[in-house]
Amino acid sequence: MPRPLVALIHPQALQFNLTIARAARPQAKIWAIVKANAYGHGLEQGLRGFADAEGLSLVEWDAAVTLRELGWRKPIMMLEGLFEFSDLAIADQYRLQIVVHSDEQLAMLQSAHLSQPLDVHLKINTGMNRLGFAPDRAHQIYTSLRAIPSVGNIAFLTHFANAENAQSALPVETQLACFTQAIAGLKGEVSLSNSAATLIQRLITSDWIRPGVMLYGGSPGGGSAASFGLRPAMTLQSQITAVQNLQPGDVVGYGSTFKADKPMRIGIVACGYADGYPRHAPTGTPILVQGQQTRIVGRVSMDMLSVDLSALPDAGVGAEVILWGKGLPIDEVAAAAGTIGYELMCALTSRVRRQVQD
Ligand SMILES: *Cc1c(COP(=O)(O)O)cnc(C)c1O
């Protein structure tokens, strides 16, 4: 008997959300981002859902090999490139394009002996100060790459830190101007724009875009997922497995952080932090029982959490619970727990069954 907890993955929503990205940037090719097990949705579902994308992109080398073994023949880009020299042999064998963001990676390429030239993406640090070469080194690095026999096409990319926030300390316009100046005079395709830039910064043009969270129906910020027309691609569903009747003064769960101030019914739900539900979610975090919104009460435990059934007299053991997804945006649950939808979808643990549902 499996626990009643299941992550329903909606392939039609994945496909649909890809069309939203396409409509936002009709001229651009799409690298659909499938890192972190397709943001928790499963690589295979990502591969099928994004069959119309021009390429898939991720950071994990083993997962990239899996994509090839599952039959993906179009381009794959490794967003963080080589972690060690031996990754080059995998890139060569499986035709994986790589980002080059550091001198260490450049040195690895310089000593590579590959069966055929590898396409690379030169990453410029335009102010986020995470990965990439300083803008004033772009031409020098390009020249170094061009001189390497194992290097084929050279493309360019940078990553926006604040595409959803016009008031930030590092506006998109600043990063874009820096990038444009850095690669002026160099020839090659450009990839820009995560989900937030794709949806909000419509005037930016590039050969490729790199949407991630929006494809899974999560908001990148700057508005709700629904306001962007996105559909949830994952519904985390479980059931009530026990009911408790509380008297005024009774307390609930570890730490006894919730105290009933009137007689009330609570339900115990098969889902906890060992499944990836955020332990920080406080009393009041929204949850659906039999399609009706209520709240969690008390602390989230490892395998269970508690919900207020006061307004749901008919909901007993076996009643359907939706933790996020259809009917309850993941971003609302995330906001209540002080995080973002991205983290919740990615943090879903391997013990949660994934099941395809249209
Ligand atoms: C994760 C990632 C993306 C996608 O970001 P979203 O905000 O999920 O759309 C794009 N580009 C790079 C380099 C990334 O690491």
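The values are calculated or read from the model by the stated rules, or taken from the named source; none is laboratory data. The model shown is predicted, which means the values in this text are computed figures rather than measured ones. Cβ coordinates were reconstructed from backbone atoms using ideal geometry, including for glycine residues, and neighbour counts include every protein chain displayed.
Of the candidates Leu199, Leu186, the single residue that is in the same structural domain as Asn153 (by TED's automatic domain parsing), within 16 Å of the ligand (Cβ to nearest atom) and either within 30 Å of Gln45 (Cβ to Cβ) or in a loop (DSSP other than H, G, I, E, B) (or both) is Leu199. Residue count for the range 1-48 satisfying the condition of being closer than 21 Å to Arg68 by Cβ and of a type in the set (Lys, Arg): 3. The single condition among (1) in a strand (DSSP E or B); (2) within 13 Å of Ile268 (Cβ to Cβ) that Arg354 does not meet is (2). Screening Gly127, Gly81 for residues that are in a loop (DSSP other than H, G, I, E, B), over 27 Å from Asn37 (Cα atoms) and at pLDDT 95 or above leaves exactly one candidate, Gly127. Thr235 meets the stated requirement of being part of a strand (DSSP E or B), at pLDDT 95 or above and either farther than 30 Å from Ala161 by Cα or β-branched (Val, Ile, Thr) (or both). Selection of the range 84-105 for residues being aliphatic (A, V, I, L, M), part of a helix (DSSP H, G or I) and crowded, with 19+ Cβ neighbours inside 10 Å yields Leu88, Ala91. Could you tell me whether Leu131 is crowded, with 23+ Cβ neighbours inside 10 Å and within 20 Å of Trp31 (Cβ to Cβ)? Spelling it out, it is not the case that Leu131 is crowded, with 23+ Cβ neighbours inside 10 Å and within 20 Å of Trp31 (Cβ to Cβ).
Against the conditions (1) farther than 18 Å from Cys346 by Cα; (2) away from the ligand (no atom under 16 Å from the Cβ), Ala281 satisfies every one except (1). Pairs are defined by a Cβ separation below 7 Å, a sequence spacing of at least 6 or placement on different chains, a first member in the range 82-94 that is assigned by TED's automatic domain parsing to the domain that holds Arg68, and a second member that is in a loop (DSSP other than H, G, I, E, B) and buried (at least 16 other Cβ atoms within 10 Å of the Cβ); the pairs so defined are Leu88/Leu82; Leu88/Ala112; Leu88/Leu114; Ile90/Leu96; Asp92/Leu114.
Scoring Met214 on the criteria (1) touching a strand residue (DSSP E or B) at 6+ places or on another chain (Cβ under 7 Å); (2) crowded, with 23+ Cβ neighbours inside 10 Å leaves a single failure, condition (1).
Taking the criterion of being within 12 Å of the ligand (Cβ to nearest atom) and in contact (Cβ under 8 Å) with a residue 40 or more places away in the chain, the residues of the range 127-136 that qualify are Met128, Leu131. Just a yes or no: is a residue in the range 320-327 farther than 29 Å from Leu14 by Cβ and modelled with pLDDT of 95 or more? Among the residues of the range 320-327, not one is farther than 29 Å from Leu14 by Cβ and modelled with pLDDT of 95 or more, which makes the answer no. Right, Met214: within 13 Å of the ligand (Cβ to nearest atom) and either under 22 Å from the mean Cα position of the chain (by Cα) or free of Cβ contacts under 8 Å to residues at least 40 places away in the same chain (or both) or not? Here the answer is yes, as Met214 does meet what is asked. Residues that are within 19 Å of His121 (Cα to Cα), of a type outside the set (Asp, Glu) and within 16 Å of the ligand (Cβ to nearest atom) within the range 59-83 comprise Val59, Trp61, Ala64, Pro75, Ile76, Met77, Met78, Leu79, Gly81, Leu82, Phe83, listed in sequence order. The residue that is farthest from the ligand (Cβ to nearest atom), counting only those in the range 137-165 that are touching a Gly at 6+ places or on another chain (Cβ under 7 Å) and closer than 14 Å to Ile183 by Cα, is Ile154. Looking at the range 1-56, which of its residues are assigned to a loop (DSSP other than H, G, I, E, B), closer than 16 Å to Val213 by Cα and among the hydrophobic types (A, V, I, L, M, F, W, C)? If the condition is that a residue be assigned to a loop (DSSP other than H, G, I, E, B), closer than 16 Å to Val213 by Cα and among the hydrophobic types (A, V, I, L, M, F, W, C), then Val34, Phe50, Ala53 are the ones that fit.
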